[in-house]
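S.K.: Structure below; questions to follow.
Throughout, read-outs are computed from the coordinates displayed, never taken from laboratory work. Bear in mind the structure is a predicted one, so any value in this text is a computation, not a measurement.
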Amino acid sequence: MTEIQEVQLPGVGVRLDFTTSLGERVGVVVHRGGRRELMVYDRDDPDRCSTVLQLSVEDAHTLNDILGGSRVAEVTTTVGQEIEGLAIDWLTLSGESGFAGKTIGDGMIRTRTGVSIVAVLRGETTFAAPGPSFTLEAGDTAVAVGTPPGIAEVRAILEA
Amino acid sequence: MTPIVAAVGAEIATAFVEIGLIALVLAILARLASRLGITAVPFFLIAGLGLGEGGVADIGVSEDFVAVGAEIGVLLLLLTLGLEYSSEELRTGLKTGGVPGTVDAIFNFVPGLVVGVVLGWAFPAAVLLGGVTWISSSGVISKVLSDLDRLGYGETPSILNVLVIEDLAMAVYLPVVAALVAGSSALQTATTVGVALVTVGIVLWLAMSYGHVMSAQLDRGNNEALLLAVFGLTLLVGGLAQKLQISAAIGAFLVGLALSGPVQKRARALIEPLRDLFAAIFFLFFAFQINPEELPGALLPALILLVITGLGKLGSGWVAAGRLGSGVNGRIRAGATLIARGEFSIVIASLGIGLADGAQLGSVAAAYVLLSAVVGPLLAKHADRVADALPRKRVPARPG
């Protein structure tokens, strides 16, 4: 998966950006109200945006549908911004993880940490709301929602 | 009975007509300002100069109302400043903002202080002038960034971070200034400053640690209840802080800081229209107290300050954006964007209006804000031209 950089914009929201396979830098500013700005960075001055596109919440959904993305990340981002003290993290199981092949229930994750695994991303596929019997594989990314210390514990469990 | 009612009625009628006409003038100015793409603050100041003492049209009856309205305006301006950032953003600001914040203070507070001293002003007035030249206008700057489509630019987080740090610096600066303004002997001032800082420290800690409890309580109310509760809290805490000689403004600011989470967002949306109304009255009232004849004399010091502190903000932006890895253009854009001063410079100047040299402070601050609020956004817009001129001279000099 492409690495997405996240930068906080105090008083505005958050900026997410990544570099395309052809080397263009693309950024999205997510405003607190949900409005988005899509931008392409200038090659000569990498701080500057050569194109900026203003997107309403509805426009962003439309563009998202056209591009064929999943809505999981977006919904969870919104939740994270609205509820203080709630953290969302993407935890990837490494190849060496002893947890690969075990089910979510095996780890007793929710009982021990209070953290919920709300989705699992495997390659191009998204498994939303996986049950306790869902088996995690090496390379899976689990989307975890809970308190920051709880998520740290889950990370430890998944990497054990 | 009847004559008294009639007399009062006539007075109220005059007040209504006066206030109504003033509001309409301000409305036209606000519209003009938004068409020109700049803040309305300088226009409100000019209107105040025209309507106040020695101006073209002297208003009389409604002055008491305007005076109280102006004080409420200050409280609401500081409340919304406190509401601007979440406690998480403030904590991050505290952790990462040390170096850029210090550079910003040295480059922009010190010149104001020095110019005040050179002009031969009393020390408190000079300290206030330092504050006037220090704090950038978050209102103007966020508008400039969004109007120019620059929120996604690489240097923008550094600009916003400087604003957050200045926001926090106000929490220290305001009580110190309030003590300086109130104190008489050096020892007494030192004691008041100490007490004020400790109190603010405790309240700030309480606000950041337990603010969410109060926020959760307030969040249960409907909009009407929330608006009244926040407005009431702001005035109550502001009034109590004033009684403790910590300045009402800092009390209001702390109320804003203490509100967090969903209620912060709701309160901001509810208070904003109220703030716009009372802040307009405040800018107007501030300008009432300035003698228009003194303004030409204030232009030269204001212009000198603008040049020095314009360079100062370029320095702040250069350092802050450089720490985020921005290039030459980004660093210059960051500095140029930070040049605009506005609402908080006027708030700071207003704290000293009754002091020795306070009148001069007021006119210099007004002239300075008039200039920087207009010049700042223009420089921000054309910063790339300045930046493009620079590297061409530098690049050949560098080997490799």
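S.K.: Using modelled amide H (1.01 Å from N, peptide plane; none on Pro or chain starts), what sits under 5 Å from the amide H of A:A119, excluding residues fewer than 5 places away?
M.R.: Long-range HN contacts for A:A119: A:A129, A:V143.
S.K.: Tell me what chain B gives for mean residue ellipticity at 222 nm when only DSSP H runs of n ≥ 4 count, each as -39,500 (n - 2.57), the sum divided by the residue total, rounded to 500 deg cm²/dmol.
M.R.: Calculated at 222 nm, the ellipticity per residue is -28000 deg cm²/dmol.
S.K.: Another question, if that's okay. Calculate one ³J(HN,Hα) per residue across region B:102-118 by plugging θ = phi - 60° into the Karplus curve 6.51 cos²θ - 1.76 cosθ + 1.60, and present them in order as whole Hz with x for glycine and proline.
M.R.: Result, rounded to whole Hz: 5, 4, 4, 5, 5, 6, 10, 6, 4, x, x, 4, 5, 4, x, 5, 4.
S.K.: If you build the Cα gyration tensor of the protein assembly as shown and take the root of 5 times each eigenvalue, what three semi-axes come out, in whole angstrom, biggest first? Spell out each step's value before the answer.
M.R.: Values: eigenvalues 424, 169, 106 Å².
Over the Cα atoms of the protein assembly as shown, the ellipsoid semi-axes are 46, 29, 23 Å.
S.K.: Follow-up. Could you work out which residue, out of B:V177, B:V74, B:V118, moves most in a Gaussian network model of chain B, that is, has the largest mean-square fluctuation with Cα springs under 10 Å?
M.R.: B:V118
S.K.: Search the structure for amide H atoms under 5 Å from the amide H of A:L9, placed 1.01 Å from N in the peptide plane, and list their residues when 5 or more places away or on another chain.
M.R.: For A:L9, whose amide H was placed from the backbone, the distant partners under 5 Å are A:V14, A:R15.
S.K.: Also: In a Gaussian network model over chain A where Cα atoms closer than 10 Å are linked, find which of A:D44, A:D106, A:D65 has the largest mean-square fluctuation.
M.R.: In the Gaussian network model the winner is A:D44.
S.K.: Roughly how far apart, in whole Å, are the Cα centres of region B:128-201 and region A:98-115?
M.R.: Centre-to-centre (Cα) distance: 48 Å.
S.K.: Still on this model: Using θ = phi - 60° and the Karplus form 6.51 cos²θ - 1.76 cosθ + 1.60, what ³J(HN,Hα) does each residue of region B:322-335 get, whole Hz, x for Gly and Pro?
M.R.: x, 5, 8, x, 6, x, 4, 4, x, 5, 6, 4, 4, x
S.K.: If I build a Gaussian network model for chain B, linking alpha-carbon pairs within less than 10 angstrom, which residue out of B:L270, B:L83, B:L254 has the largest mean-square fluctuation?
M.R.: Residue with maximal mean-square fluctuation among B:L270, B:L83, B:L254: B:L270.
S.K.: Given a cut-off of 24 Å, name the pairs among B:K143/B:K313; B:K313/B:K381; B:K143/B:K381; B:K143/B:K265; B:K243/B:K265 whose C-alpha atoms lie farther apart than that in the structure shown. Walk me through the numbers on the way to the answer.
M.R.: Details: B:K143/B:K313 18 Å; B:K313/B:K381 15 Å; B:K143/B:K381 12 Å; B:K143/B:K265 19 Å; B:K243/B:K265 30 Å.
Cα-Cα > 24 Å for B:K243/B:K265; rest within.
S.K.: Once amide H atoms are placed 1.01 Å from N in the peptide plane, what residues at a sequence separation of 5 or more from A:A87, or on another chain, have their amide H within under 5 Å of its amide H?
M.R.: Long-range HN contacts for A:A87: A:G146, A:T147.
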